[in-house]
Amino acid sequence: MKTTLYKRLLAFYGISLSVLTLLRIVFIGVHHQAGWSLVEALKALGIGIVIDSSVMSCCIIACFLLGLLVSLIAEKAGKKTLTISLTLALLSVSAINVVDLFYYKYYNTRLSYNLVRYFFENFSENFKMLWNSFPLFWIILGCIIALILLWLVVERLFKDAQMRQRWTTFPAVLLTFAALSFLYYGPPFWRLTTFSSNEMLNQAASNGAYTLAKSYSVMRNYHDDLFPFDEQAVLHDMDNNLAFLRSSEETPVPSIMPTLRKFKQPSEPTAPKNVVIVICESFSATLTGVIGQDERSYSPYFDALCKEGVLFTHCFSNGPRTQHGLVSVLSGFPSVIGSSLIRRRETNALFTIADALRPQGYETHFIHGGDVNYDDMLDYLRQGNFEHIYGVEDFDTWRFKNDWGVCDEDLFDFAFQKISDATQPHLTVILTMSNHLPFDIPPYYAENHPEVLDFQDSKASYYYADYAFGTFMDKMKTLPDYENTLILRIADHGEVYSQADHQFRLFHIPALLLNGSRHDTVFDAVCSQMDFVPTLLSEIGYQGSFPCIGRNLYASDYRPFATMNTYDNLHIWMENDKVITWDLMTDEAKCYRMQDDFLLEPSELPTEPEAKKAKSYLAFLSYIYQKGLYSAPPSSLP
């Protein structure tokens, strides 16, 4: 007896929802935490079934139409096309949700298009990292076994079904699964997945395939115009825009670049100061002794050095990745718009601190222990006036090396040699790598420091990175011009350690400025990576012009402020202890208060003027970036 195709498609739909619901239960079980109820968990499962239904109904309609089209030529080929496409659809959707089980542990969100694109743009390095960090072999083997088993189940399910049936089958399939897709539901599904104050349950309620597809759609629009803006509105509101405001200690420089300015009364150092900027990979404030909340300090060298300079306790990164940190730290431009500012080659060059110092006779160095072309860093650095750029290929010898590059000790030894050999004032930027997945540390270090054997891998590499920086600083202090060298120690971004963070402490980073005009003090006002270029320029008595969005932190009228953007387009706006999050996908805004432990407590809803201020800020950034109004000032300008 021939079984109707319609019933078999319904059966496949039921199997699909069962598989995805099981994966959702596993997701909740793996990432469960205190603070949620059984009722909320059941609600997450219910919402998840709705979203799963939408995803699988769309897949079934597409597979059905494809199989039907092929069956017009050959019925057997049509049915084979249907079963193969259904198998691949369910396997793909399931595999994405399996990946989310691992991904969420590190990033507190589901996989997004941005991360997939980043992965394939640097496929070789990223694949090696994943292979060493996760049971990738067993995951791939599991997918192959699942594919075979699923294929057998689907083949058996549709064994007796016919593609060519009564004319009513076609509209019945389309109408049924169109209804089950819930595409006619008014608000976007993103709103369904914001039902709880527990972010884990919100993420559990979603579907990885839907999140991935939706993030791709959003990023296409985001790539086209960064953040939507009306040019006339931007120009009209410029004087009130926080990105445009300047200190009373600065004066505007007439130019087509609206943010170009200079210091009114720059200090006059007796000799040009050297500038060393150390950007440490994933060096979160959470694990430091001077700021963190862990049971112990994993940064004893950093903690000791804080007594010699200025510790910035409320400093935040502007983005979640190294390439965001580079732009923010070196260009003084908050990397919170678009997916990657340094990859947009069609846009005019971005100003960097090297653009200001190299014309003043400074040697400009960038030193990295890994691939200096990763994430297109090399292009950004070259256009930014860095004359000497070194990567892993420039290290003839090393003590320890993994797939990412040489260890931090080797990096700092190389950098110290370059600094020692400098015959003129220099800007030296050092980008570390050791504190990165897979969190490898040199075996000899573990033998000499057995305490790390009791640490988690991530904490052991953090501890090692601090040690490497400490030994570097011991050597720096032996140089005759050490006290004439400004040293900024900052991180590219932090790490996620707790669900209670609301993704917030991902951005909380420690910063330390040594040999400046202030010593042994704490700067506890809110600031971010973008503020250090103008601060450094002020400290060395720079007399030229610069276009920075960031502000001089030592200005008498400095206004505490920070802005951040997450992997999944959640924009964060912070003034003092008030934190506003704005989801660019759902247009939903929430308000929090930052507590003494740097965790967030829900607060009153943001006001309309506050939301407008955040949108105007992003619009202004997009405007000057798209118009090429953030490049190095012409040499003819003062």
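The values are calculated or read from the model by the stated rules, or taken from the named source; none is laboratory data. Predicted model, so just to flag it, every value in this text is computed and none were measured. With ideal geometry, Cβ positions are generated from the backbone for all residues, glycine too; neighbour counts draw on all protein chains shown. Surface areas here come from the heavy atoms of the whole protein model, side chains and all, with no ligands, DNA or RNA. Shrake-Rupley method; radii C 1.70, N 1.55, O 1.52, S 1.80 Å.
In summary, PRO272 fulfils each of the numbered conditions (1) open to solvent by 50 Å² or more (accessible area, probe 1.4 Å); (2) within 29 Å of the chain's Cα centre (by Cα); (3) touching a residue at least 24 places away in the same chain (Cβ under 8 Å) with the single exception of condition (2).
As a summary of the residue check, ARG551 satisfies the conditions (1) within 22 Å of the chain's Cα centre (by Cα); (2) part of a loop (DSSP other than H, G, I, E, B) except for the one numbered (1).
Answer yes if at least one residue in the range 498-512 is at pLDDT below 95, open to solvent by 10 Å² or more (accessible area, probe 1.4 Å) and small (Gly, Ala, Ser), and no otherwise. Scanning the range 498-512, I find at least one residue that is at pLDDT below 95, open to solvent by 10 Å² or more (accessible area, probe 1.4 Å) and small (Gly, Ala, Ser), so the answer is yes. Identify, please: which residue in the range 275-303 is open to solvent by 20 Å² or more (accessible area, probe 1.4 Å) and outside any loop (DSSP other than H, G, I, E, B) and is, among those, farthest from GLU539 (Cα to Cα)? Ranking the qualifying residues of the range 275-303, first place goes to PRO300. Scanning the range 462-475 for any residue that is in contact (Cβ under 8 Å) with a residue 60 or more places away in the chain, surrounded by 17 or more Cβ atoms within 10 Å (Cβ to Cβ) and either β-branched (Val, Ile, Thr) or outside any helix (DSSP H, G or I) (or both) turns up nothing.
Across the range 156-182, what is the total count of residues that are hydrophobic (A, V, I, L, M, F, W, C) and part of a helix (DSSP H, G or I)?
10
Annotation: LEU479 fulfils all but one of (1) surrounded by fewer than 19 Cβ atoms within 10 Å (Cβ to Cβ); (2) part of a helix (DSSP H, G or I); the unmet one is (2). Sub-7 Å Cβ pairs linking a first residue in the range 404-427 that is on the phi < 0 side of the Ramachandran plot and among the aromatic types (Phe, Trp, Tyr) to a second residue that is open to solvent by less than 30 Å² (accessible area, probe 1.4 Å) and not in a helix (DSSP H, G or I), at least 6 apart or interchain, are TRP404/GLY370; TRP404/MET433; PHE414/ILE367; PHE414/PHE395, ordered by first then second residue.
Taking the range 315-330 only, how many residues are out of contact with any strand residue (DSSP E or B) (no Cβ under 9 Å at 6 or more places or on another chain), part of a helix (DSSP H, G or I) and not polar (S, T, N, Q)? Give the steps one after another, and end with the answer.
Kept after step one, since they are out of contact with any strand residue (DSSP E or B) (no Cβ under 9 Å at 6 or more places or on another chain), are these residues of the range 315-330: 321, 323, 327.
The next check asks that each one be part of a helix (DSSP H, G or I); those that pass are 323, 327.
Add one more test, that the residue is not polar (S, T, N, Q), and what stays is 327.
Result for the range 315-330: 1.
Looking at the range 556-608, the strands (runs of 3 or more DSSP E) lying wholly inside it that each contain 3 or more residues that are touching a residue at least 12 places away in the same chain (Cβ under 8 Å) and of a type outside the set (Ser, Thr, Tyr) sit at 562-565, 570-575, 578-583, 588-594.
Filtered by the rule that a residue be hydroxyl-bearing (Ser, Thr, Tyr), open to solvent by less than 10 Å² (accessible area, probe 1.4 Å) and closer than 18 Å to HIS571 by Cα, the range 315-333 gives SER317, SER328. Restricting to the range 48-89, and then to whatever is free of Cβ contacts under 8 Å to residues at least 12 places away in the same chain and either touching a Pro at 6+ places or on another chain (Cβ under 8 Å) or of a type in the set (Gly, Ala, Ser) (or both), can you tell me which residue is surrounded by the most Cβ atoms within 10 Å (Cβ to Cβ)? Among those that are free of Cβ contacts under 8 Å to residues at least 12 places away in the same chain and either touching a Pro at 6+ places or on another chain (Cβ under 8 Å) or of a type in the set (Gly, Ala, Ser) (or both), it is ALA77. Scan the range 243-264 for residues that are surrounded by fewer than 19 Cβ atoms within 10 Å (Cβ to Cβ), out of contact with any strand residue (DSSP E or B) (no Cβ under 9 Å at 6 or more places or on another chain) and in contact (Cβ under 8 Å) with a residue 24 or more places away in the chain and jot them down. Correct list: PHE244, LEU245, SER248, SER255, ILE256.
Apart from one condition, MET377 fits all of (1) more than 21 Å from the chain's Cα centre (by Cα); (2) at pLDDT below 95; the exception is (1).
Look through ILE342, ILE430 and report the one residue that is among the β-branched types (Val, Ile, Thr) and in contact (Cβ under 8 Å) with a residue 40 or more places away in the chain.
Details: ILE342 fails: in contact (Cβ under 8 Å) with a residue 40 or more places away in the chain.
So the residue among ILE342, ILE430 that is among the β-branched types (Val, Ile, Thr) and in contact (Cβ under 8 Å) with a residue 40 or more places away in the chain is ILE430.
Within the range 304-314, being in a helix (DSSP H, G or I) and open to solvent by less than 30 Å² (accessible area, probe 1.4 Å) holds for LEU305, CYS306. Among the numbered conditions (1) surrounded by fewer than 24 Cβ atoms within 10 Å (Cβ to Cβ); (2) in contact with a helix residue (DSSP H, G or I) (Cβ under 7 Å, 6 or more places away or on another chain); (3) within 30 Å of LEU201 (Cβ to Cβ), the only one that SER458 does not meet is (2).
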